[in-house]
1. If R0 is 56 Å, what FRET efficiency do you get for A:Leu173 and B:Arg59 from their C-beta distance, rounded to 0.05?
2. Which net charge results for the neighbourhood of A:Glu186, defined as the other residues with beta-carbon distances under 14 angstrom from its beta-carbon, given Lys and Arg at +1 and Asp and Glu at -1?
3. Between B:Lys161 and B:Asp26, what is 0.36 nm times their sequence separation minus the Cα-Cα distance? Round to one decimal in nm.
4. Extent of the protein assembly as shown along each principal axis, from alpha carbon coordinates, in Å, largest to smallest?
5. Can you list the HN-Hα couplings for segment A:158-170, worked out from phi with the Karplus curve (6.51, -1.76, 1.60; θ = phi - 60°), rounded to whole Hz and with x for Gly and Pro?
6. What is the dipole size for segment B:117-166, taken about its Cα centre, with +1 at each Lys and Arg Cβ and -1 at each Asp and Glu Cβ, in debye to the nearest 20?
7. So who's got an amide H within less than 5 Å of the one on B:Arg16, skipping anything under 5 residues away but keeping other chains? H placed 1.01 Å off N, in plane.
8. Which distance in nm do the two modelled labels at B:Phe140 and A:Val301 give, with both placed 7 Å along the Cα-to-Cβ direction?
Amino acid sequence: MSTVQPASSLPVPYKTRKQSQPKYARPNAPIVPPGSVTGHSLALVIAIMGFLASITACGVYVVFNAANVWTNRISAEITIQIQPHADSSSDDTAEIVQFLKGQNGIARVTPFSQEQSLKLVEPWIGRSEVLKSFAIPKLIAVQIDMSSPPDIATLKTVLESKFPGALLDDHGLWRNEIRRLTRLLEIGGIGMLFLMAMATAAVIVAAATSALASNREIVSVLNLVGAEEKFIARQFETHFVKVGVRAGIFGAGLAGLLFFCLPYITEGISTSATSAAEIRRLVGAGTLDIGGYAVLVVVVVAVALICKLTSRYGVRRILNNQNI
Amino acid sequence: MNTGHALIRFENVGLRYGAGQEVLRDVNFHLHPGSFHFLTGASGAGKTTLLRMLFMSLRPTRGLVYLFGRNIAKNTTSQRADLRRRIGIVFQDFRLLDHLTTWENVALPLRVMGRKQSDYQDDVTELLRWVGLGDRMHAFPAVLSGGEKQRAAIARAVIAKPELLLADEPTGNVDPQMARRLLRLFIELNRLGTSIIIATHDYQLMSQFPAARMQLENGRLEMHE
Ligand SMILES: Nc1ncnc2c1ncn2[C@@H]1O[C@H](COP(=O)(O)OP(=O)(O)O)[C@@H](O)[C@H]1O
Ligand SMILES: [Mg+2]
């Protein structure tokens, strides 16, 4: 029987020999194979969620912007209506214009002739000679100098007491109505985004659960070589983040494209050129500005974050519940 | 008996699988750092079971196990991972990952520790050459022979220079010449401070190195120093 003597020079790592070696590892070869973690259906669901979330977020953004433009435009202008007296044909218009021009904070006073007033209501009522015989209130549009606006309330009381039949409309009703509507849209939009985020998270947790189950042997070997939970979770997380970023970009990109094409689509759909123009005048062209594209980027980042955090949470929760 | 700085300490340990009989009972022993032991016993005596308890992948059904001075029953998962990184283990069934190359399998413990590949790639390659897998580094486990897998599993267990090496029948699939070579690797590791427990029933292997023996019989452990 021979007894083995400890080797005098053992070329194991306990002795460092500096020389360049061929590489036998693919750089960062995934410890968990990507195909076993995420499938096409998960990518599809995330892409669809990204698309819907983009539409919702950008929709809210566009409406919010349009509403801001309206309210600003509306606040910069007040209207004086002069009810025609039934008994007299006397006309206070010139005096009222004179009075208004004398006030502080007024930029411009534009009285509308009856001709012009009729033109304003034409899109709704149509053109008819009959209308001319109706007593249509006279209108004076007053442009306010927004840098030093007058006290509208005082102006209203003074004007209305001085000229009976004159009505000052500061469009406050409209402004409030628009604000209420946009607030409602915002809340609805945020609620929908929240639901989409929840659905995405649930899908990812389910996918993480099955990914862990189908990679049980890998997880167990990683445990055996002393991997921290964090490390194991990260092996899965990276795949989910990759899918999240790709699917998110795809979904948001599709939504962006849709918004980009919106003017052509509305033109194609609407029956008359005027109604398309009308829509554009009301809500803008519907295309996204820089802020809108930033919203799309935020959606992609949010989708990736949801993928990262929920997959990490899902994997770690399961690992925690497994004892070995 | 001073067991104050024992590396491993078992106190009245018993283990049963499910509702079966106790496979191990009243196991009491302690090992000092730097020791070298053969764990012997017939097939089915409980060698693998004892090693699994040492590796914290099996909880004793009664009694206490201390590793590195710590009661392992009180470990959190993170502490257990921590301890496992100080232990190398060679499984009877190797447990290599099929989709990683031999090289990547061996490098796995270092990767798990967060070490950079450029820092350890020479070590991994050198160790693989030493265990005779120099030309199998890029092969996947599916195409390795039993002996080659065994050597890859041993390389993975020792690559991180563990404080304790547990090997379950590490020479079961290799020829006597390679068995001697692997034994030399274990001896060299031990010389550098690693405590070694080799479960084996290969008497030819044991005769080649005068190490203490732990004998399992009828569920009880006897120490032959
Ligand atoms: N997972 C298990 N479930 C039930 N019984 C087991 C299990 N593993 C091992 N045993 C039993 O425990 C005993 C000891 O097995 P083992 O530790 O593998 O012995 P050895 O490694 O010495 O051959 C055997 O009788 C075996 O049948
Ligand atoms: Mg066994």
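1. After rounding to 0.05, the efficiency reads 0.15.
2. Net charge in that neighbourhood comes out at +3.
3. Working: separation 135, 0.36 × 135 = 48.60 nm, distance 3.18 nm.
Working it through step by step, the gained length comes to 45.4 nm.
4. The Cα atoms of the protein assembly as shown stretch 135, 47, 43 Å along the principal axes, largest first.
5. Whole-Hz 3J(HN,Hα) from phi for segment A:158-170: 4, 4, 6, 7, 6, 10, x, x, 8, 10, 9, 10, 8.
6. About 240 debye.
7. Here B:Val23, B:Thr61 satisfy the definition.
8. Between B:Phe140 and A:Val301, the simple spin-label model gives 4.0 nm.
Just so you know, all these numbers are worked out from the coordinates, no wet-lab data involved. If you're wondering where the values come from, they're calculated on a predicted model, not measured in any experiment. Neighbour counts are summed over all protein chains in view; Cβ atoms, including those assigned to glycine, are modelled from backbone coordinates with ideal geometry.
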